[in-house]
Amino acid sequence: QVHLAESGGGLVQPGGSLRLSCFASGSIFSTYTMAWYRQAPGKERELVADITSVGSTHYAGSVKSRCTISRDNAKNTVYLQMNSLRPEDTAVYYCNTGVYGVEYWGRGTLGTVSS
């Protein structure tokens with residue numbers, strides 16, 4: 001069983017930044033591939049970025065130049081730094097991982113970009 005807990009969402013103005021965090025339970029966090037997804041109002045959930053156990057990263061095209069995913073294995077935490085935020089980035093952001101074929105999700109954290 002893996003528990004994921006996101007934090008760091010909030011209200012920011014267009015052009016601002018957010019840094020999301022996700023703490024994952026489990027003693028083998030360093031072996032997990034971790035991902036951030038988001039779901040905007042009225043839209044399907046979509047992958048934002050992921051990071052493998054060795055630190056290889058992948059980003060959705062819509063955020064590639066504006067986001068950085070990173071991890072701190074000593075803290076069992078994965079981060080998503082988002083810059084130059086736009087109103088269309090408004091969404092609930094979810095942390096995700098898969099362990100031994102089982103997929104786990106956090107409850108999400110809401111990021112709202114609005115003036």
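The values are calculated or read from the model by the stated rules, or taken from the named source; none is laboratory data. Not measured: the values here are computed from a predicted model. Note: accessible area is taken over every heavy atom of the protein model, side chains too, but ligands, DNA and RNA are not part of it. Shrake-Rupley method; radii C 1.70, N 1.55, O 1.52, S 1.80 Å.
Kindly report, to the nearest 10 Å², the accessible surface of TRP105 as traced by a 1.4 Å probe over protein heavy atoms only.
My reading of the accessible area for TRP105 is about 90 Å².
Multiply the residue separation of THR112 and ASN83 by 0.36 nm, subtract the distance between their alpha-carbon atoms, and state the gained length in nm to one decimal. Walk me through the numbers on the way to the answer.
Details: separation 29, 0.36 × 29 = 10.44 nm, distance 1.30 nm.
Using 0.36 nm per residue and subtracting the Cα-Cα distance, I get 9.1 nm.
Step through the residues of the stretch 4-18 one at a time and calculate ³J(HN,Hα) from phi using the Karplus curve (6.51 cos²θ - 1.76 cosθ + 1.60, θ = phi - 60°), rounding each to whole Hz and writing x for Gly and Pro.
10, 9, 8, 7, x, x, x, 9, 9, 7, x, x, x, 10, 9
Ignoring ligands, DNA and RNA, what percent of the 1.4 Å accessible area of the chain is carbon and sulfur?
Details: 2960 of 6110 Å².
Its accessible area is 48 percent carbon and sulfur atoms.
For the chain, what does the accessible surface come to per residue with a 1.4 Å probe? Please give it in Å². Walk me through the numbers before you get to the answer.
Values: 6110 Å² over 115 residues.
Ligands and nucleic acids excluded, the figure is 53 Å² per residue.
On a C-alpha basis, how far is the centre of the stretch 19-70 from the centre of the stretch 82-112 in Å? Whole number, if you could?
Between the Cα centres of the stretch 19-70 and the stretch 82-112 lies a distance of 7 Å.
Which cross-chain or sequence-distant (5 or more) residues have an amide H under 5 Å from the amide H of VAL48, H modelled 1.01 Å from N in plane?
TRP36, TYR37, ARG38
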